[in-house]
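To keep things clear, I will list the structure first and then write my remarks on it.
The values are calculated or read from the model by the stated rules, or taken from the named source; none is laboratory data. Keep in mind the model is a prediction, meaning the values are calculated, not measured. In this analysis, Cβ positions are derived from the backbone assuming ideal geometry, glycine residues included, and neighbour counts consider all displayed protein chains. Calculation scope for accessible area: heavy atoms of the full protein, side chains included, ligands and nucleic acids excluded. Shrake-Rupley method; radii C 1.70, N 1.55, O 1.52, S 1.80 Å.
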Protein chains: 2
Amino acid sequence: MQTEDITDADYATLAAFRLALRQFAAFSEAAAKAVGLTPRQHQALLAIKGAARTSPGGLGVGEIARALLIRHNSAVELVDRLADAGLVRRQPDPSDGRRSLVAVTDQAERLLRGLSAAHMQELRALRPRLLALLDVL
Amino acid sequence: MQTEDITDADYATLAAFRLALRQFAAFSEAAAKAVGLTPRQHQALLAIKGAARTSPGGLGVGEIARALLIRHNSAVELVDRLADAGLVRRQPDPSDGRRSLVAVTDQAERLLRGLSAAHMQELRALRPRLLALLDVL
DNA sequence: AGCATCTATGTCGTATCCCGACATAGTGGC
DNA sequence: GCCACTATGTCGGGATACGACATAGATGCT
């Protein structure tokens, strides 16, 4: 395999791509913090709502872990903090006693709506830059 | 401002976008770990090499902090760990006694070359998915 | 030249969040 | 009824970023 044909321009492109991703993450983090959420909490709420069409009753803790690419015990702690903050509710799954379905509260839904609108706008603004970077890959 | 026109499909799109970013981050993290680097260390090396055309002598600690969007003291600690691992060298800036220029070692350059080739390939594979997501924004 | 101010780097204690290992309870096949 | 598997939960430890503070050099003004 030839890993030798990496030029300074390639390094610059990769660095620029990473910078764009970090800036988006930084925007998202600031937006979340502005409404009192940690980035992970925001992403968890989004994952739950993002799966609403296929899982209207909420997601299991393990499904949240898989959506966020974290270990299940990390998801447990994350859901603990979300529940303490009144942002989600745990409900036992009537069809499987092991699972507890995690659903967002009205309060969280309001926060998420505002955050999502801001993120859509930010992503639209970011789009030309990402397209330009993807173009030179 | 109308933040009301967010649909379930929008949530799903945003969630899918975040998932794609997380999966790329997970790939990158695994690739870095496979050669003994933390994700941050990899990103720092890439930032230094990515700026090689404009700063051939290396980057200052503060410039690394700005490239990585972290505080300068976090960058100090990161460079400490990189130097301990023999991946970068600190050299005093001859034209400014306050600055210390951070340059990658040959060893780090070899690691970064392999990592960058793998990342270019991964990004090319990821491109159609990102383009599809950007298309529905 | 002297002094105030700003910039760059570095130090230290703290906080957050994830993880591995382990534990408990429910499910489903046989 | 038993056993393997799955889902959730608990606990201690570790990595890394941050805020506050400290030091040294640069810069500009008089």
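Return yes or no: is B:Arg66 basic (Lys, Arg) and within 17 Å of A:Leu19 (Cβ to Cβ)? When the stated conditions are applied, B:Arg66 passes them. The requirement of being modelled with pLDDT under 95, within 14 Å of another protein chain (Cβ to nearest Cβ) and open to solvent by less than 50 Å² (accessible area, probe 1.4 Å) is not satisfied by A:Ile48. Taking the condition part of a helix (DSSP H, G or I), within 12 Å of DNA strand D (Cβ to nearest atom) and of a type in the set (D, E, K, R), does B:Glu109 pass? For B:Glu109, the condition - part of a helix (DSSP H, G or I), within 12 Å of DNA strand D (Cβ to nearest atom) and of a type in the set (D, E, K, R) - is not met. Residues in the stretch A:71-92 that are assigned to a loop (DSSP other than H, G, I, E, B) and open to solvent by less than 20 Å² (accessible area, probe 1.4 Å): 1 in all. Residue under question is B:Ile64, and the condition is that it be near DNA strand C (Cβ under 10 Å from one of its atoms) and on the phi < 0 side of the Ramachandran plot; does it hold? Answer is yes for this residue. Would you mention how many residues in the stretch A:1-40 are assigned to a helix (DSSP H, G or I), open to solvent by 20 Å² or more (accessible area, probe 1.4 Å) and of a type in the set (S, T, N, Q)? Counting residues in the stretch A:1-40 that are assigned to a helix (DSSP H, G or I), open to solvent by 20 Å² or more (accessible area, probe 1.4 Å) and of a type in the set (S, T, N, Q) gives 2. Inspect all residues belonging to the stretch A:112-130 and state whether any of them is more than 16 Å from DNA strand C (Cβ to nearest atom) and not in a helix (DSSP H, G or I). No, the stretch A:112-130 has no match at all.
Pull up the stretch B:93-129, narrow it to residues that are acidic (Asp, Glu) and open to solvent by 30 Å² or more (accessible area, probe 1.4 Å), then point me to the one that is nearest to A:Thr7 (Cα to Cα).
Keep residues of the stretch B:93-129 that are acidic (Asp, Glu), which gives B:93, B:96, B:106, B:109, B:122.
Going one step further and asking which of them are open to solvent by 30 Å² or more (accessible area, probe 1.4 Å), we end up with B:96, B:106, B:109, B:122.
Values: B:Asp96: 30, B:Asp106: 16, B:Glu109: 12, B:Glu122: 17 Å.
Per the stated criteria, the residue is B:Glu109.
Here A:Arg99 meets each of (1) more than 10 Å from DNA strand C (Cβ to nearest atom); (2) charged (D, E, K, R); (3) more than 10 Å from chain B (Cβ to nearest Cβ) with one exception, condition (1).
So in the stretch B:55-69, with the set limited to residues that are more than 9 Å from chain A (Cβ to nearest Cβ) and in a loop (DSSP other than H, G, I, E, B), which one is most open to solvent (accessible area, probe 1.4 Å)?
Step one: list which residues in the stretch B:55-69 are more than 9 Å from chain A (Cβ to nearest Cβ), which gives B:55-66.
Okay, now just the ones that are also in a loop (DSSP other than H, G, I, E, B), so B:55-58.
Numbers: B:Ser55: 30, B:Pro56: 113, B:Gly57: 42, B:Gly58: 9 Å².
Checked the stretch B:55-69; the qualifying residue most open to solvent (accessible area, probe 1.4 Å) is B:Pro56.
Cβ-Cβ contacts under 8 Å between residues 6 or more apart (or on different chains), taken from a first residue in the stretch A:71-96 that is within 14 Å of chain B (Cβ to nearest Cβ) and on the phi > 0 side of the Ramachandran plot to a second residue that is open to solvent by 100 Å² or more (accessible area, probe 1.4 Å) and more than 6 Å from DNA strand C (Cβ to nearest atom), are absent.
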